[in-house]
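All remarks here apply to the structure that follows.
All of the numbers you see were taken from the coordinates with simple rules; none came from a lab. Keep in mind the model is a prediction, meaning the values are calculated, not measured. Positions of Cβ are backbone-derived with ideal geometry, glycine not excepted, and every protein chain shown enters the neighbour counts.
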Amino acid sequence: MAYEIVMPQLSDSMDEGKLISWKIKPGDHVKKGDVIADVESDKAIMEVQSFKEGTVKSLSVKEGESVRVGSIIAVIDTDAKEPTAYVEKELPKEEKKTDEKETKPQTSQTSFLDEILGFDIVEGDASPKAKALAAQYKIDLQKLQKEGKLPIPAHQKDILDYRMEHYFTPKALQLLKQYKLDLSLFAEDKKHDSAEIISYIQSHDIPLPKEISTFQKALIKTVENSAKKPTYHLYDNIDATLILSHKKYSVSVWLIKLFAQAMMEHETFRSTLKQEHIITYPNASIALAIAHEDLLYMVVFKDANLLSVDEIDEKLKNYENKVKNKDITPKDMQGSTFAVSNLGMFGVERFDAMINADDSAIAAIGSGKENKISVTLTLDHRIINGYQAAKFMQTLKTLAKDQTLFKE
């Protein structure tokens, strides 16, 4: 029986996933619970497991390819109880690449080979096109294959790649690939280095095209949805004397503690809008913006009002390590109704922040000045009105001066 494994939906906002790497190949025997692949969702990289035992019959998605949620990525033969030679039934990966290369419009590497036509069918140790190119460029195909410098069988791309190594340094080739430059732009009378490629890029003002990752696509979607909300801003500041005097913990740790306490007195900040209902939670769950390698992660401190300052601090350090090691999961970034974004450590005096996901509000924290920290609230007007926002700020300012909260 064929068991089809599909691209899982690893978060509510995930529309597609990127296959990062396969842990299996056709013919391998897998057991229930075995990890078969790493997939990048809109939140993080996660493992995909097989929920049935059997032998891998086929893999439908290439490493690095993105497909929609629900698309078949692998097929397991559950009737096979031991490894089976399914490899012979599968088109070799190398051959797949060749077919795709031949049927698509010519790329920069083949733009100067329009005169070479025909089907890329493997014959012996090389395809006809590979043999034609080898002869045209006076490349000793048999010798290079014996030396391991060309694969067996060799295809057109292999010959082109080998030849280009004679005209471009590795760094130069990398730049050509990054900037999607046509190789024919450079004369084939010498070997070009990266300095020449950079000079060409700068003199012709060529921009760098960057692929949008699955994570960035999700972030763009969140920001676009947030921009549709009817929001307004409230600008104020709080006394930071006690916060700055207790240096054992960071400003962010104290802010989470203070905001959690204030949220417990104002239920609208513990609420979110779901269809025709306003859902109010009994505890205060706060998302905190953490940046790493130019990416922003909104990690959630679930039920923060029940956590001590020590526990908040420990949880923050754990999140920072997970973000650094790319171990963050969708669950780590779900369940908040309010968020905090702190740019004060960069000297930013005040800024506006966009509401995170389905939260009712977000606080943008600026730098301290004369023992004052600026707080800019962005609020969803459908859930929180101006009067409620003002009362919340009054509570927050009172808590910031409460000595009993800082005894920890």
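How many percent of Cα pairs in the stretch 2-89 exceed 16 Å? Distances greater than 16 Å cover 48 percent of the Cα pairs. Treating the stretch 215-318 as a set of equal point scatterers at the Cα positions, no solvent, please give the Debye-formula log₁₀ I(q)/I(0) at q = 0.10, 0.21 Å⁻¹. Debye intensities relative to I(0), on a log10 scale: -0.36, -1.34. Listed cross-link partners Lys257/Lys317; Lys23/Lys315; Lys62/Lys326; Lys229/Lys401 are compared with a 27 Å cut-off, the Cα-Cα value being larger for Lys23/Lys315; Lys229/Lys401. Its Cα gyration tensor gives the stretch 237-395 an equivalent ellipsoid; the semi-axes, largest first and in whole Å, are 22, 20, 15. With distances taken between every two different alpha-carbon atoms, the chain has a Kirkwood hydrodynamic radius of 25.8 Å. Answer with one residue from Ile384, Leu295, Asn325: the one whose Cα lies farthest towards the positive end of the charge dipole of the chain, charges on Cβ with Lys, Arg +1 and Asp, Glu -1. Result: Ile384, furthest along the dipole toward the positive end. Suppose R0 equals 41 Å. What FRET efficiency, 1/(1 + (r/R0)^6) with r the Cβ-Cβ distance, do Asp34 and Asp140 give to the nearest 0.05? Rounded to the nearest 0.05, the efficiency is 0.35. Based on DSSP H segments of at least four residues, each scored -39500 (n - 2.57), the chain has a per-residue ellipticity at 222 nm of -9000 deg cm²/dmol.
The trypsin sites (Lys or Arg not before Pro) of the stretch 45-75 that DSSP puts in a loop, and whose beta carbon has at most 15 other beta carbons within 10 Å, are Lys52, Lys62.
Within the listed set Leu377, Leu306, Leu144, the Gaussian network model of the chain (springs between alpha-carbon atoms below 10 Å) gives the highest mean-square fluctuation for Leu144. Where a Cα-Cα gap under 21 Å defines reach, which lysines qualify for Lys138, not counting those fewer than 8 residues away within the same chain? List returned: Lys129, Lys146, Lys149, Lys157, Lys190, Lys191. With the simple spin-label model, which puts each label point 7 Å out from Cα in the Cβ direction, the Glu370 to Thr241 separation comes to 1.4 nm.
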